[in-house]
Amino acid sequence: MSEALFRDKVEVPLDRMTDADPDLDRLLAEMGRGDADAAARVWELVYEELRGLAGARLAALPPGQTLQSTALVNEAWLKLRGGAASWEGRAHFFGAAARAMRNILVDRARSRQRELRGDARRRVPLTGLDVAELGAEDGLLELDRALAQLEQLDARSAKVVQLRYFAGLTIAEAAEVLGLSHATVEREWSFAKAWLRKALDEGAAS
Amino acid sequence: MNERTAATKGLFLEALDLPAAEREAFVRARCADDAALAEEVRGLLAAHADSGEFLEAPAYAPARGRAGLAADDEVGPYRLQRVLGEGGMGVVWLARQGAPLVREVALKVIKPGMDTARVVARFEAERQTLALMSHDAIARVYDAGSTADGYPYFAMEFVDGEAITEYAAKRELPLAARVALFREVCAAVRHAHQKGVLHRDLKPSNLLVREVDGAPRVKVIDFGVAKALASDEVGLTQSGTLLGTPEYMSPEQADQAEAAVDTRSDLYSLGVVLFELLTGALPIDVSSREGVGEVRRKLFEQRPRRASDLRASLRGDLEHVLARCLEKEPDERYASVAELDADLARFLAGEPVLAGPRSRRAELARFLRRHRVAVVLTLLVVAALGAALAVSLRQTGRALRAETDLLSLSDQLSLERALERLAAAPWATPADEPELAAVEAELTTLLGRLDAHRARLDAARVGATTDADGGLHFASDAQAWQHRLAARLVRGLEALAGDDPAHSALALVRERRHAAAQSAALTTEAHAAAWAEVRRSLARDQRFDGVDLAPQVGLVPLDLDAESGLWEFWHPQSGAAPDRDDDERWIVDEDTGLVFVLLPPGAFDMGARRPVQGDAPGDANVDPDAEDFEGPVHRVELTAPFFLSKYELTQGQWLRLEHANPSQYQYGVDARIPHDLRHPVENVTKAACAAALTRLGLSLPTEAQWEYAARAGSGLAYGCDWQPLCLEGRENLMDASILRTNLRAMVPGLPLRWDDGYPMHAPVGRFAPNPFGLHDVLGNVAEWVLEAPITYAGSTLEPATGLRTGELGTSGEIARGGAFLSPLITARVTSRNTTPAGSFAGITGVRPARAVRE
């Protein structure tokens, strides 16, 4: 992806993000009680935050360095939350963050494909990080589609994938977010991986 | 979840709990009446076995596998041709090197997860030792570097052969032939051990056999690679998996007991290879798929198979030889590969081998070992009781911990940000002081919370158990993470305390703040009269026509150099003022700071072309060694005067500025010749040089500035003449002196016939200056320049500095000028030596420049 593509994201004013959103605590609590509007609002906040952070970090990183989703999500949490603590909210937050990361990455992969299709001959100077991600982006869209199918069949194991793969959470952290035991999450993870692997292999073969 | 999915999932998970061998029977039994269901579950099980690293790395990290490389891509000086193989560590490519010599190499590109800079640094540190090896059966490792995307790579001699076990199996070699072939491996490894090099990853795929004149010949590949890849926690990759190949790994290596890994670890691996070569099986069944703990347990506890159980003809001598190699305790193995080789020679000669049946002593040692395990187990039980008591404490701790995490995380981020700010903060002028003061204040505040964080660390330890070795164990990953977080922060804050700028960021920021605050007072203000004199002197000098030089903060005028007629200046921030010797030359001592020469503006013809009909030797800008990249010849006019260091930056100066000495050849590292801090700093990346200089208000010279300075008015290839003989006594180059040392193995071409007295780099300023009064420009170490390798054709230059913009001709970076260990043609004033991006080497250093400020 060219640097130009990131320009709009790079210029997200960082000072705006250092202020904690006073609503987040309340929104997270309402979201925890099942309020759909609150969930949508949290999602929006988190999505914007992560998108800005990802853009700024990508621009600042020297080639070859990698950005860890875990670090990104944790940083977004700190920024949105400011200093005060409401630990239960963190679980809801991570759920939203995982979905946001998935959207951001899939969007990027899509726009990259569009770009390649649109003007295949234009040579764009590639930064190191982009080249490193080329392989991943091709597979990302297929994975996203397979994951959408898995969501239909087995929402819980799909959720584990979202947390593990897109938000970079460990098994233990995912267990905390989902309120499940370590062993259960591990089993869901095994199943989801095998199911997705199989789905992708079959997709590639057909 | 629908019923069908639920059934499939349930069966899959149940099957997963069974040992792999029993799963098929389980599926058949449970899906007897539903073939489709069975197929579904089998498919999932197969996919599971196949899923390995699938999805294990978060999405937002670089792709694994081929590091985004494809055939025809360029990696450093190599062009990729095709994939030779793909393994756990990465991908091996067949690649072609174009310059300085054309050859095919095997290029091993390591997959993500490694800290590239450290891998390359470790390889560089090992390079000299590797160069000492010279054996027909050892493949050379030429080079290590990083790809444009930052993956480490190794360039090695390409060997078109097959693994020793495959070779023997395909040709059905008889026993004696196998042993004889294996002895060639022994000879190679023995040679390496004598030179002090361990292999650490001996396995059949690193022991290649090819036929030369109809006879099989062995080549051992990958020497030095495993060591370079080893992380600080020895033998483990950063993701915590075992580095290397468990099947052939010695127990002590799997245990990451680095201190215990010596030549006998390689000997163990050789034993496994010989076992496989003779029996077709492994002595212990372990595989890369198993976890670290499982591998370790098997290697330590499982008794190796008896070779004679697999192949009766091995009973007796060879069986004893194998058993001796595969002893768990290094002391019980052969003392060296030479001893093993001697026993194999005895076997082939029909004499009795020295490795007899296991001795009574060995039996006793094994009993004691078992006993020791029992002692450890007892201790663990005691520790577990302690853990039970801690559980109740944990409940109350939980609520507190959430807050702790946030505070720790936020201070951790503040600390990292402050350190980043410090790393980027200039400290050249008084104007730089406020930023440094702000960083100092931030660090001081953070340090003030050290005690609070220490208390949090103690709290995070509540509920943890301590094992016999003092290691902490936590009930959950979350707790372990909390502890790690707190511990890291406390470590980071503790490092702030202390007065040594080399270790304490706080001391460093204070030192730099002080230097910035004093920079004007000590230079322009204290030496106002001298600056006025410089100004008057330049007004009379036609070369500086129209130049009105303002006093330059950070520099102190020294004198007008008698030979060059150019003013020279001392840079106090990098060290003491230079003294003069009896010949009125400056003495650069270990504590001397930089000396800058103010070069006049001027025009010159840049680049070179090869001669055509009608050209005569000595014509300006004509050079039979010129490469296309050095042309076309074009006029360059530098309209601004600039400061250029009279000498290469010394190790002493780098040490004072950066509080470290990264040089490959430095005192205490290389005992073969005496070194001190007067030698040029090397082994530094261009980026590191540029960053360090920028903070000081200095810079790398532009490529045009460099060539202008190197030519000093000459149009000839070597400055002093069109051919190199004039450089004798003027530059430290790759000359006959190196043949006197045992480093001659490293010499990549024919050295010069003369002897300049310095096999390695010399203290700066030991050789004659050029007409501008600059020393060592064309020799000693090569020097980084500011721009990337831009093609001259179609490029544009900024008039004042000659800063070039245009199309990149190749990837990587340019270092100009020759060095004590580079081919003579690189010492031409026009030679543009390209190196891989991010690379550093013992032959490349830096000559700082500085713009004239208003």
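Among the residues making up the range B:273-294, those that are within 22 Å of B:L354 (Cβ to Cβ), without any contact (Cβ under 8 Å) to a residue 60 or more places away in the chain and not in a loop (DSSP other than H, G, I, E, B) are B:F275, B:T279. All told, A:A192 meets the bar of being more than 7 Å from chain B (Cβ to nearest Cβ), under 19 Å from B:A47 (Cα atoms), surrounded by 19 or more Cβ atoms within 10 Å (Cβ to Cβ) and over 15 Å from the mean Cα position of the chain (by Cα).
Number of residues in the range B:118-145 that are outside any helix (DSSP H, G or I) and in contact with a strand residue (DSSP E or B) (Cβ under 8 Å, 6 or more places away or on another chain): the value is 10. Residues of the range B:533-566 that are more than 43 Å from the chain's Cα centre (by Cα), assigned to a loop (DSSP other than H, G, I, E, B) and within 14 Å of B:T523 (Cα to Cα): B:A550 alone. Of all residues in the range B:149-164, those satisfying the criterion of being in contact with a helix residue (DSSP H, G or I) (Cβ under 6 Å, 6 or more places away or on another chain) and either closer than 14 Å to B:V220 by Cβ or among the aliphatic types (A, V, I, L, M) (or both) are B:A163, B:I164. With the condition kept exactly as written, say whether any residue in the range B:5-18 is exposed (fewer than 13 other Cβ atoms within 10 Å of the Cβ), within 14 Å of chain A (Cβ to nearest Cβ) and either within 24 Å of A:K198 (Cα to Cα) or at pLDDT 85 or above (or both). Looking for residues that are exposed (fewer than 13 other Cβ atoms within 10 Å of the Cβ), within 14 Å of chain A (Cβ to nearest Cβ) and either within 24 Å of A:K198 (Cα to Cα) or at pLDDT 85 or above (or both), one finds at least one in the range B:5-18, hence yes. If the condition is being within 9 Å of chain B (Cβ to nearest Cβ) and without any contact (Cβ under 8 Å) to a residue 12 or more places away in the chain, then the range A:173-189 contributes A:A175, A:H182, A:R187.
Mind listing just one residue for me: the one in the range B:140-161 that is charged (D, E, K, R) and crowded, with 17+ Cβ neighbours inside 10 Å and, of those, nearest to the other protein chains (Cβ to nearest Cβ)? The selected residue is B:D149.
Sort through B:A452, B:A497, B:A459, B:A487 and tell me the only one that's closer than 28 Å to B:C689 by Cα, of a type in the set (G, A, S) and either out of contact with any His (no Cβ under 6 Å at 6 or more places or on another chain) or not in a helix (DSSP H, G or I) (or both). Result: B:A497 is the single residue among B:A452, B:A497, B:A459, B:A487 that is closer than 28 Å to B:C689 by Cα, of a type in the set (G, A, S) and either out of contact with any His (no Cβ under 6 Å at 6 or more places or on another chain) or not in a helix (DSSP H, G or I) (or both).
What about B:R484, is it charged (D, E, K, R), without any contact (Cβ under 8 Å) to a residue 40 or more places away in the chain and touching a Phe, Trp or Tyr at 6+ places or on another chain (Cβ under 8 Å)? No: the conditions fail for B:R484.
Restricting B:L310, B:L340, B:L326 to those that are out of contact with any strand residue (DSSP E or B) (no Cβ under 9 Å at 6 or more places or on another chain) and without any contact (Cβ under 8 Å) to a residue 40 or more places away in the chain reduces the list to B:L310. Being of a type in the set (D, E, K, R), surrounded by fewer than 18 Cβ atoms within 10 Å (Cβ to Cβ) and in contact (Cβ under 8 Å) with a residue 24 or more places away in the chain is a property that does not hold for B:E525. Quick check on the range B:73-85. Is at least one of its residues under 21 Å from B:V220 (Cβ atoms), in a helix (DSSP H, G or I) and either modelled with pLDDT under 75 or not hydroxyl-bearing (S, T, Y) (or both)? No, every residue in the range B:73-85 fails to be under 21 Å from B:V220 (Cβ atoms), in a helix (DSSP H, G or I) and either modelled with pLDDT under 75 or not hydroxyl-bearing (S, T, Y) (or both). Contact annotation: residue pairs with Cβ atoms under 9 Å, 6 or more positions apart or on different chains, pairing a residue in the range B:76-103 that is more than 29 Å from B:S831 (Cβ to Cβ) with a partner that is of a type in the set (K, R) and at pLDDT below 80, are B:V83/B:R66; B:E86/B:R66; B:G88/B:K111; B:M89/B:K111; B:G90/B:R66; B:G90/B:K111; B:V91/B:R66; B:V91/B:K111.
Yes or no, residue by residue, for (1) more than 27 Å from B:A423 (Cα to Cα); (2) in contact with a helix residue (DSSP H, G or I) (Cβ under 6 Å, 6 or more places away or on another chain); (3) part of a loop (DSSP other than H, G, I, E, B):
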residue: B:F604; (1), (2), (3): yes, yes, no
residue: B:A620; (1), (2), (3): yes, no, yes
residue: B:P632; (1), (2), (3): yes, no, yes
residue: B:G652; (1), (2), (3): no, no, no
residue: B:N683; (1), (2), (3): no, no, yes
residue: B:A688; (1), (2), (3): no, no, no
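Results for (1) buried (at least 24 other Cβ atoms within 10 Å of the Cβ); (2) closer than 26 Å to B:H675 by Cα, shown as yes or no for each residue.
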position: B:L786; (1), (2): no, no
position: B:A800; (1), (2): no, no
position: B:L808; (1), (2): no, no
position: B:A819; (1), (2): yes, yes
position: B:T826; (1), (2): no, yes
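Restrict the check to the range B:58-66 and report whether at least one residue is facing chain A (nearest Cβ under 10 Å), surrounded by fewer than 18 Cβ atoms within 10 Å (Cβ to Cβ) and modelled with pLDDT of 80 or more. Within the range B:58-66 (the criterion being facing chain A (nearest Cβ under 10 Å), surrounded by fewer than 18 Cβ atoms within 10 Å (Cβ to Cβ) and modelled with pLDDT of 80 or more), the answer is no, since none of the residues qualifies. The residue of the range B:592-646 that is surrounded by the most Cβ atoms within 10 Å (Cβ to Cβ), among those that are within 30 Å of B:D548 (Cβ to Cβ) and out of contact with any strand residue (DSSP E or B) (no Cβ under 8 Å at 6 or more places or on another chain), is B:P600.
Identify, please: which residue in the range B:796-854 is basic (K, R) and either touching a strand residue (DSSP E or B) at 6+ places or on another chain (Cβ under 8 Å) or outside any loop (DSSP other than H, G, I, E, B) (or both) and is, among those, nearest to B:V684 (Cα to Cα)? Let's see the steps before the verdict.
We begin by selecting, within the range B:796-854, every residue basic (K, R); these are B:804, B:816, B:828, B:832, B:847, B:850, B:853.
After this cut, where a residue has to be either touching a strand residue (DSSP E or B) at 6+ places or on another chain (Cβ under 8 Å) or outside any loop (DSSP other than H, G, I, E, B) (or both) as well, the list is B:804, B:816, B:832, B:847, B:850.
Numbers: B:R804: 23, B:R816: 15, B:R832: 18, B:R847: 12, B:R850: 19 Å.
Going through the qualifying residues, I end up with B:R847.
The values are calculated or read from the model by the stated rules, or taken from the named source; none is laboratory data. Note that the structure is a prediction, hence the values are computed from the model and not measured. Cβ atoms come from the backbone with ideal geometry, glycine included; neighbour counts cover every protein chain shown.
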